[in-house]
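So the structure is just underneath, and the comments pick up after that.
The values are calculated or read from the model by the stated rules, or taken from the named source; none is laboratory data. These numbers were taken from a predicted model, which means no experiment stands behind them. Reconstructed Cβ throughout: ideal geometry from the backbone, glycine too, with neighbour counts over all protein chains shown.
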Amino acid sequence: MGYVAVKGGTEAIHNASELAEFYRVKGNTTPIDIKQIRAQMRLAIDKVMGEGGIYAPEYAAIALKQAEGDVYEAAFILRAFRTTLQRNYYSQVINTREMFVKRKISASFREIPGGQILGPTRDYTQRTLDTAKAIETAIDIKTFLDDFDAKIDPEKLEGISTFGKVIDLLQQEGLLAPADPTEDRSLIDITREAIKFPAPRSARLQMMARAETGGLMALGYSSQRGFGSVHPTVGELRFGAVPVRVKDAGGRNRYIGKIEVTENEMITGSKAAKKGTPPYFTIGYGLCFGHNETKVICMSTLDTAMRRPEMGAPANDQEFVLYHTEGVEAMGFTNHLKLPHYVTFQSSLSNTRAAVERNNNANKEVEQQMIQMQSV
Amino acid sequence: MEEQDFILCECELEPLRDFVASIEENFEVIIAKAPSTCMTMIQAEDSVEFQDFYLGEALTTECEVIVNGQRGYGICLGDEPVRSYCIAFIDALTQLPGADLKDVEALLTEQHQLIRKAEQLEYNQIMRTRVDFKLMEQE
């Protein structure tokens, strides 16, 4: 299909944009404060940052407000914003073992280092609509916070600690498959270098970290349902804050803040690679900005799946997974279909009309021949 | 260095800003690089095979000042022009030979305690969700 540019329509385009803004504010309600969005739309903010590929909670809140809550559009806005700034620093590798843990669970082991910490989750609640939220007041919030604070005794506080990882226990027991020495371990940056297939694992993990959650879920779910040979269990899922450090212009290591991340190690039983070798466990890895458990569960499932190419299983096909879960590109391509395609469609229309006319003429000729034959 | 940066990045902005404002006029301050936003690429690694990869970028603010001839750098996450300036100022100040750091140390100690207290309270609230799942046949 060819593409031909069109021009004109400036005024209508401007008016359409203005109309969109009108629909955003026409109720003449109190403007939503960015601080409110940051605080009360925490998980939406995290999705926007994860898919936008930039950790900036305040800007994600602005983008979400601007996009009337459309997470795709907000991520798109953040991706575009990202390109306007210079990248002046590369952080040291973040260490999730020093995470300030806010949630930490395992579906594989009941007893894990430091215990199972449920953290902020709705996993065990019924999804009933809480209509009281419609009449929530500032006093309600304050009362809740006061009651919540009162549940711990400030004089008897447990000291903060970090926790060993489940995966380290399996590693120490020698139950994990050794790394494949033939796998490409080069570090590439897919924001600077076009991806080529087969892509190194660094590229796959980077693309999935900023992939669209729904896309990853669809393919991760396909794998879990049996389209492929991955039958995973959550080894350990963590959510919390990790420190970020860079080198300053003077070459000194500097702490610059902390970011919240979600991490998952997915355990998969493995077949013996060859006769005489044990059937080690393999680990799929997932890590993303913010609190997004669905994303890291599916990311780690697909990490394992993509290391096992298999015909007939889309989740095991790198190109299929990585291209189709890239939300901003997928949305951009899908939505470009709404933009003017007049010339290409006109050309298609002419061809179709000509073909229909040729077909009609041919039918007429056949009809005439039949009439002639009948009259003989 | 790490502890100083940690405190200055994590403390409330207001006391930090007020502190720097109260002492900066005693020094000759040249702003070598005004606070500006940029990006930091966050590097990560998988926790088992230690394969490095890029997780994504983080919005960052950086600032560079010269205080009585001593250069200081301020870098922090987010769009934080005031904080990055304050970090740079205190970075320079704490490297100045013979500088009286009593007040700086007092600020750092006070803010450190507040941050740790807040973290400890949050941690203890989180620990209230620690669970000991029992198997079905156990009572």
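Filter segment B:1-14 down to the residues that are surrounded by fewer than 14 Cβ atoms within 10 Å (Cβ to Cβ) and touching a residue at least 60 places away in the same chain (Cβ under 8 Å), then identify the one that is nearest to the chain's Cα centre (by Cα). Step by step, filter segment B:1-14, then rank; the result is B:3.
Among the residues of segment B:101-108, is there at least one that is more than 14 Å from chain A (Cβ to nearest Cβ) and not in a helix (DSSP H, G or I)? For segment B:101-108, residues more than 14 Å from chain A (Cβ to nearest Cβ) and not in a helix (DSSP H, G or I): present. For segment A:220-234, the condition holds for at least one residue, the condition being that it is within 23 Å of residue A:47 (Cα to Cα), out of contact with any Asp or Glu (no Cβ under 6 Å at 6 or more places or on another chain) and among the aromatic types (Phe, Trp, Tyr). Only one of (1) aliphatic (A, V, I, L, M); (2) over 16 Å from residue A:204 (Cβ atoms); (3) surrounded by 13 or more Cβ atoms within 10 Å (Cβ to Cβ) is not met by residue A:305, so which one is it? For residue A:305, the failing item is (2). Note on segment A:163-183: residues that are within 11 Å of chain B (Cβ to nearest Cβ) and of a type in the set (S, T, N, Q) total 1. The residues of segment A:16-61 that are in contact (Cβ under 8 Å) with a residue 12 or more places away in the chain and β-branched (Val, Ile, Thr), listed by number, are A:32, A:34, A:37, A:45, A:48, A:54.
Inside segment A:112-153, can you point out the residues that are exposed (fewer than 11 other Cβ atoms within 10 Å of the Cβ) and among the charged types (D, E, K, R)? Can you show your working first?
The initial filter retains those residues of segment A:112-153 that are exposed (fewer than 11 other Cβ atoms within 10 Å of the Cβ), namely A:122-135, A:137-139, A:142, A:145-147, A:150-151, A:153.
Correct list: A:122, A:123, A:127, A:130, A:133, A:142, A:146, A:147, A:151, A:153.
Within segment A:54-71, the set of residues being among the acidic types (Asp, Glu) and away from every other protein chain (no Cβ under 12 Å) comprises A:68, A:70.
Looking across segment A:142-167, the residues that are in a loop (DSSP other than H, G, I, E, B), without any contact (Cβ under 8 Å) to a residue 12 or more places away in the chain and of a type in the set (D, E, K, R) come down to A:151, A:153, A:155, A:156, A:158.
From the list B:62, B:24, B:80, the lone residue that is among the charged types (D, E, K, R), more than 7 Å from chain A (Cβ to nearest Cβ) and buried (at least 19 other Cβ atoms within 10 Å of the Cβ) is B:80.
Within segment A:211-220, the residues that satisfy the criterion of being in contact with a helix residue (DSSP H, G or I) (Cβ under 6 Å, 6 or more places away or on another chain), farther than 12 Å from residue A:323 by Cβ and not polar (S, T, N, Q) are A:216, A:217, A:220. Residues of segment A:234-270 that are without any contact (Cβ under 8 Å) to a residue 12 or more places away in the chain and facing chain B (nearest Cβ under 7 Å): A:248, A:249, A:250, A:252, A:254.
Could we say that residue B:86 is facing chain A (nearest Cβ under 7 Å), in contact (Cβ under 8 Å) with a residue 60 or more places away in the chain and either exposed (fewer than 14 other Cβ atoms within 10 Å of the Cβ) or not in a strand (DSSP E or B) (or both) here? No.
Filter segment A:110-129 down to the residues that are more than 10 Å from chain B (Cβ to nearest Cβ) and either under 22 Å from the mean Cα position of the chain (by Cα) or in contact (Cβ under 8 Å) with a residue 24 or more places away in the chain (or both) and list them by number.
Of all residues in segment A:110-129, those more than 10 Å from chain B (Cβ to nearest Cβ) come to A:112-113, A:122-123, A:125-129.
If the condition is that a residue be more than 10 Å from chain B (Cβ to nearest Cβ) and either under 22 Å from the mean Cα position of the chain (by Cα) or in contact (Cβ under 8 Å) with a residue 24 or more places away in the chain (or both), then A:112, A:113, A:122, A:123 are the ones that fit.
You will find that of B:54, B:73, the residue that is touching a helix residue (DSSP H, G or I) at 6+ places or on another chain (Cβ under 6 Å), within 30 Å of residue A:185 (Cα to Cα), surrounded by 16 or more Cβ atoms within 10 Å (Cβ to Cβ) and modelled with pLDDT of 95 or more is B:54 and no other.
Output the number of residues of segment B:119-137 satisfying the condition of being under 30 Å from residue A:159 (Cβ atoms) and either more than 22 Å from the chain's Cα centre (by Cα) or more than 11 Å from chain A (Cβ to nearest Cβ) (or both).
Taking segment B:119-137 and keeping what is under 30 Å from residue A:159 (Cβ atoms), we get B:119-134.
So of that shortlist, the ones also either more than 22 Å from the chain's Cα centre (by Cα) or more than 11 Å from chain A (Cβ to nearest Cβ) (or both) come out as B:124-134.
Total meeting the criteria: 11.
Listed conditions (1) in a strand (DSSP E or B); (2) touching an Asp or Glu at 6+ places or on another chain (Cβ under 7 Å) are all met by residue B:79, apart from (1). Considering only segment A:192-220, state which residues are out of contact with any Lys or Arg (no Cβ under 8 Å at 6 or more places or on another chain), in contact (Cβ under 8 Å) with a residue 60 or more places away in the chain and part of a loop (DSSP other than H, G, I, E, B). Correct list: A:195, A:197, A:198, A:199, A:210, A:212. Among the residues of segment B:72-89, those that are closer than 22 Å to residue A:91 by Cβ and of a type outside the set (Gly, Ala, Ser) comprise B:73, B:75, B:76, B:77, B:79, B:80, B:81, B:83, B:85, B:86, B:87.
Taking the residues in segment B:30-51 that are among the β-branched types (Val, Ile, Thr) and surrounded by fewer than 19 Cβ atoms within 10 Å (Cβ to Cβ) as candidates, determine which candidate is nearest to the chain's Cα centre (by Cα). Break it down stepwise before answering.
From segment B:30-51, those among the β-branched types (Val, Ile, Thr) are B:30-31, B:37, B:40, B:42, B:48; that's our starting set.
Pick out the ones that are also surrounded by fewer than 19 Cβ atoms within 10 Å (Cβ to Cβ) and you get B:30-31.
Details: B:30: 22, B:31: 20 Å.
Top of the filtered list is B:31.
Out of A:179, A:107, one residue alone is outside any helix (DSSP H, G or I) and touching a Ser or Thr at 6+ places or on another chain (Cβ under 6 Å). It is A:107.
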